[in-house]
Amino acid sequence: MTAVIRARYSHLAISVADIERSRVFYVGALGFAAAQPYEAGGRRVATLMDCDPAGFTGLFLRCGDVLVELLEHHAGRTADPMARTADEHGLAHISFIVDDLDRAVAAVEAHGGALRTRFEHVFGPGGTGSVIVFCTDPDGNRIELIQHADDAETASHAEYLGLDNLGWPAIGAADSVT
């Protein structure tokens, strides 16, 4: 029997049309911290990443324990950002818990994103409720924002999702994105 490999989270990469526009969005609207951009290209990178040898500019962003890498491919193809639906294979969304949903949505819209849908739900019996919205970043990538009314509702949501034994959410309210 083969031993199980234990993987550790590294990062999530998103291809974007304009890395500076996306940096402004993720830093300004969602409170990420940005590293310094870097350049990569050539045949070896093209073979490894299955991209054009012209390469890309990359930029890592951090929010708590989450690292997101933005990639602007120099020979990138432009697609309709709203053409892909959530049920198509690929990245469905990135999710964040926020303390002030209305402020978070306003920041998303002020930084080039768009509100798509809003949903209110009570996860726990006698709970006070949660509000969930789906937004998009400037490239149409879906972002879920969740605001729980209190810790009991957060715990009920975690139990509903089957995450109560995995320590979700990973960040405390004091560290959440607003």
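The values are calculated or read from the model by the stated rules, or taken from the named source; none is laboratory data. Because the structure is predicted, anything quoted here is derived from the model rather than measured. All Cβ positions, glycine included, derive from the backbone under ideal geometry; neighbour counts span all protein chains shown. Accessible surface is based on the protein model in full, side chains and every heavy atom, while ligands, DNA and RNA are left aside. Shrake-Rupley method; radii C 1.70, N 1.55, O 1.52, S 1.80 Å.
Could you say whether any residue in the range 106-121 is in contact with a strand residue (DSSP E or B) (Cβ under 8 Å, 6 or more places away or on another chain), part of a loop (DSSP other than H, G, I, E, B) and among the aliphatic types (A, V, I, L, M)? Break it down into steps so the answer makes sense when it comes.
Let us first name the residues in the range 106-121 that are in contact with a strand residue (DSSP E or B) (Cβ under 8 Å, 6 or more places away or on another chain), namely 108-109, 113-121.
Next, only the ones that are part of a loop (DSSP other than H, G, I, E, B) stay: 113.
So of that shortlist, the ones also among the aliphatic types (A, V, I, L, M) come out as none.
Checked the range 106-121: no residue is in contact with a strand residue (DSSP E or B) (Cβ under 8 Å, 6 or more places away or on another chain), part of a loop (DSSP other than H, G, I, E, B) and among the aliphatic types (A, V, I, L, M).
I'm trying to understand the selection: among the residues of the range 25-50, which are of a type in the set (G, A, S) and either within 12 Å of the chain's Cα centre (by Cα) or under 25 Å from S95 (Cα atoms) (or both)? Step through it out loud before you land on a result.
Of the range 25-50, the ones of a type in the set (G, A, S) are 28-29, 31, 33-35, 40-42, 46.
Once the filter is applied, which keeps residues that are of a type in the set (G, A, S) and either within 12 Å of the chain's Cα centre (by Cα) or under 25 Å from S95 (Cα atoms) (or both), the range 25-50 yields G28, A29, G31, A33, A34, A35.
Taking the criterion of being open to solvent by less than 20 Å² (accessible area, probe 1.4 Å), part of a loop (DSSP other than H, G, I, E, B) and closer than 22 Å to V68 by Cα, would at least one residue in the range 122-129 satisfy it? No. Here are the criteria: (1) modelled with pLDDT under 90; (2) open to solvent by less than 60 Å² (accessible area, probe 1.4 Å); (3) not hydrophobic (A, V, I, L, M, F, W, C). Tell me which single one Q147 does not satisfy. Only one criterion in (1) modelled with pLDDT under 90; (2) open to solvent by less than 60 Å² (accessible area, probe 1.4 Å); (3) not hydrophobic (A, V, I, L, M, F, W, C) is unmet by Q147, namely (1).
Filter the range 15-38 down to residues that are out of contact with any strand residue (DSSP E or B) (no Cβ under 6 Å at 6 or more places or on another chain) and not basic (K, R), then give me how many there are.
Taking the range 15-38 and keeping what is out of contact with any strand residue (DSSP E or B) (no Cβ under 6 Å at 6 or more places or on another chain), we get 17-18, 20-21, 24-25, 28-29, 36.
Among the residues that remain, those that are also not basic (K, R) are: 17-18, 20, 24-25, 28-29, 36.
Looking only at that region, the number is 8.
Contact map, the range 59-70: first residue farther than 11 Å from R23 by Cα, second residue among the aromatic types (F, W, Y) and open to solvent by 40 Å² or more (accessible area, probe 1.4 Å), Cβ cut-off under 9 Å, separation 6 or more or different chains; pairs are D65/Y9; V66/Y9; L67/Y9; L67/F60. Those strands (runs of 3 or more DSSP E) of the range 1-73 in which at least 3 residues are open to solvent by 20 Å² or more (accessible area, probe 1.4 Å) and not aromatic (F, W, Y), considering only elements entirely within it, cover 12-15, 66-73.
Residues of the range 131-163 that are hydroxyl-bearing (S, T, Y) and closer than 30 Å to E20 by Cα: T136 alone.
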